[in-house]
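Have a look at the structure below, then the notes.
The numbers here are math on the coordinates, done by the rules we state, and not lab data. Computed from a predicted model, the values in this text were never measured in an experiment. Cβ: placed from backbone, ideal geometry, glycine included. Neighbour counts: every protein chain shown.
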Amino acid sequence: TKEAGKDFIRDIVEGDLQSGKHKTIVTRFPPEPNGYLHIGHAKSICLNFGLAEEFGGRCNLRFDDTNPAKEAQEYIDSIERDVRWLGFDWGTNLHHASDYFDQLYAWAEHLIVNGKAYVDDQTADDMRAARGTLTEAGRNSPFRDRSVEENLELFRAMRDGKFKPGDRVLRAKIDMSSGNINLRDPTLYRIVDAAHPRTGTKWKIYPSYDFAHGQSDAIEGVTHSICTLEFEDHRPLYDWFLANLPVPAHPHQYEFARLNLTYTLLSKRILNTLVRDGVVSGWDDPRMPTLAALRRKGVPPQALREFVRRIGVAKANSVVDYAMLDFSIREYLNTASLRRMAVLRPLKVVIENYPEGASEELEAVNHPDDPAAGTRKIRFSREIYVEREDFMENPPKNFYRLAPGKEVRLRYAFFVTCREAIKDASGEVVELRCTYDPQTRGGNAPDGRKVKATLHWIDAASAVNAEVRLYDHLFANPAPTAANYEADLNPNSLVTLSDCKLEPALAEASVEKPVQFERLGYFCLDRDSAPGHLVFNRTVGLRDLWAK
Ligand code: ATP
Ligand code: MG
Ligand code: MG
């Protein structure tokens, strides 16, 4: 566990403020709107917005919207919603790379005029082949030595829509033999034939990530441009553009380790594939690692922020155990959730010595650690439901729950003893016959006798029906591979139970309010709920509490 303020990025920022290098810091969170944000993005959001909060600076939300072929308004909207939900506010600092298209275009001509960029007519395949490898230098393009006039004319023709996608690109003229492949004449502009959510069809050419990013940082006065380690090799190019263009400022790029999680693939491209292939029901299917899905599953933003704080910010990549996320979620929900009872796989129990037609109200506490949360009344009568797996006909020695002849406590109610299991024609147990001890009301026997198990239960007559969805990891493999994800899928990632019995108080649950179903876990109402049809998602299970 790291203290906030103790990671290497915060040390750098602190040093830059102390030395007077910067009077105030500016960071940015720069998503490409080509999908929904995932929990990896939460790490970047908490870092960038967190730095601005902690050091009294500012953090821009900047859409890196340079590829209209893959971007959409739906993604822009979802990103804004998810950043807000996580608890951050960019205020008036909303920007788009597309705000700078005119400036970026002018800077591209500036490079051409200075002999530092050229239009290349090679095919994408030829360009790739000529780029070389780590051990083999690249080869110069046959179009590399075009005159400034010809380059300007061709680039303007690209801009004016005279060519088709793939016909030509604009490249920086740097060094085809550089040990850093990113410096081997990288692409600055390509032709894209797609409407842009903001600039419509004005542009036929779009800047590359590398050409847009650092210059956007410079325009916005970003002081610390923080990205993930994959971009470390791009930093020389980031700096080359700043050194070769008349930019208003010289931001600095820093790299940190991306978040990797066990059982999880964190890449919008792969997540997009899962949605498109119908592996999940959508971007907010609760098995997805997107913020929208975590929200829908019932994960509170506070738990995510605490998780991100705990994993810290490091310079070396690693994989975080998903259990750490579950821990943060449970920890928060334990405090934040009211307790309720629900039976997911009901088994009917008839209490033979309880008078027919009678019923009574018992008092149940809403939160064991928070008396202010108060109590509620729950009904008890002759017919109730218990959890099917809380009964065994031939139990092993250490099974303390219901079995013929065994006595248990019903939470907030009475001791009951199982007398008989009724079976249907196929031999399946369909009902238990029990007796109760009226002396044990509230859960204690006056004679001091003990029972080892306390079960949750639901009064049959007043029960509310619901569908409950139990989620597990989408992948069975703790280290799923993107290339062959299908083989790694978990066939049991979703179990839908359609005949669950809930206490009536749960009919008033709301999407925002998490609840604990006693002994089962944390749950929240799903947006698929409709009048008369409640649907609950399991957010996370409890640790094993059977013997409580
Ligand atoms: P993806 O491959 O999922 O699309 P990306 O990096 O291409 O990820 P962007 O929208 O460009 O997605 O990311 C916005 C910011 O979030 C970037 O600064 C990026 O470095 C950061 N980011 C993306 N994934 C992670 C991750 N797993 N952990 C931490 N930061 C991340
Ligand atoms: Mg990106
Ligand atoms: Mg990406």
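Report the calculated FRET efficiency for F399 and S147 (r = Cβ-Cβ distance, R0 = 60 Å), to the nearest 0.05.
Details: r = 87 Å, r/R0 = 1.45.
Efficiency computed from Cβ-Cβ geometry: 0.10.
Taking 0.36 nm per intervening residue step and subtracting the Cα-Cα distance, what contour gain separates T496 from A530 on full extension?
10.6 nm
Karplus couplings for the range 280-296 from phi (6.51 cos²θ - 1.76 cosθ + 1.60, θ = phi - 60°), rounded to Hz, Gly and Pro as x?
10, 7, x, 4, 9, 4, x, 8, 7, x, 6, 5, 4, 6, 5, 4, 5
Provide the FRET efficiency to the nearest 0.05 for the T199-A373 pair, computing r from the beta carbons and using R0 = 51 Å. Don't skip to the answer; put the middle values down first.
Numbers: r = 52 Å, r/R0 = 1.03.
Calculated transfer efficiency: 0.45.
Ignoring the sites themselves, what is the longest stretch of the chain with no GluC sites (Glu not before Pro) in a DSSP loop and at most 15 other beta-carbon atoms within 10 Å? Please report the intermediate quantities before stating the final value.
Numbers: sites that count: E3, E136, E352, E356, E393, E428, E512.
Formally, the longest exposed-site-free interval is 137-351.
Nearest 500 deg cm²/dmol is fine: what mean residue ellipticity at 222 nm does the chain get from its DSSP H runs of n ≥ 4 alone, each adding -39,500 (n - 2.57), divided by its residue count?
-8000 deg cm²/dmol
Which whole-number value in Å³ per residue fits the convex hull of the alpha carbons of the chain? Please list the in-between numbers first.
Numbers: hull volume 106.2 nm³, N = 548.
Enclosed volume per residue, from the Cα hull, is 194 Å³.
Tell me the trypsin sites (Lys or Arg not before Pro) within the range 382-465 that lie in a loop according to DSSP and have at most 11 other beta-carbon atoms within 10 Å.
When the trypsin sites (Lys or Arg not before Pro) of the range 382-465 are filtered for loop state and at most 11 Cβ neighbours within 10 Å, K397, R449, K450 remain.
Between the helical axis of 209-220 and the dominant principal axis of the chain, each derived from Cα atoms, what acute angle in degrees is found, rounded to the nearest 10?
That works out to roughly 90 degrees.
Pop out the ³J(HN,Hα) list for the range 42-52 in order, Karplus 6.51 cos²θ - 1.76 cosθ + 1.60 with θ = phi - 60°, rounded to Hz; leave Gly and Pro as x.
Those phi angles translate into 4, 4, 5, 5, 4, 5, 5, 6, x, 4, 4 Hz.
Would you list which lysines come within 27 Å of K43, measuring only between C-alpha atoms, while excluding same-chain residues fewer than 8 positions from it?
Excluding near neighbours in sequence, the set is K2, K6, K21, K23, K70, K268, K297, K315, K513.
If you fit an axis through the alpha-carbon atoms of helix 301-311 and take the longest principal axis of the Cα set of the chain, what angle between them do you get, 0 to 90°, nearest 10?
In the chain, helix 301-311 runs at an angle near 70 degrees to the longest axis.
May I ask you to sort R296, R276, R309 by Cβ crowding, counting other Cβ atoms within 10 Å and putting the fewest first?
Fewest-to-most Cβ neighbours within 10 Å comes out as R276, R309, R296.
Dividing the alpha-carbon Rg of the range 337-463 by 2.2 N^0.38 Å yields what?
1.06
Applying the Karplus parametrisation 6.51 cos²θ - 1.76 cosθ + 1.60 with θ = phi - 60° to the phi angles of the range 17-23, what ³J(HN,Hα) value in whole Hz is obtained for each residue in order, glycine and proline being reported as x?
Result, rounded to whole Hz: 6, 5, 6, x, 4, 10, 7.
Quick one: which residues, 5 or more positions from K116 or on another chain, have an amide H under 5 Å from its amide H? H modelled 1.01 Å from N in the peptide plane, none for Pro or chain starts.
none
Can you pull a Stokes-Einstein diffusion coefficient for the range 8-256 at 10 °C (1.306 mPa s), Rh from Kirkwood over Cα pairs, as a whole number of µm²/s?
My calculation gives 83 µm²/s for D.
Quick one: order R171, R28 by neighbouring beta-carbon count within 10 Å, fewest to most. The partial results should precede the final answer.
Working: R171 23, R28 28.
By the 10 Å Cβ count, ascending: R171, R28.
Beyond 21 Å, what share of the Cα-Cα pairs of the range 249-351 is found? Please give it as a whole percent.
On the way: 2750 of 5253 pairs.
Within the range 249-351, distances greater than 21 Å cover 52 percent of Cα pairs.
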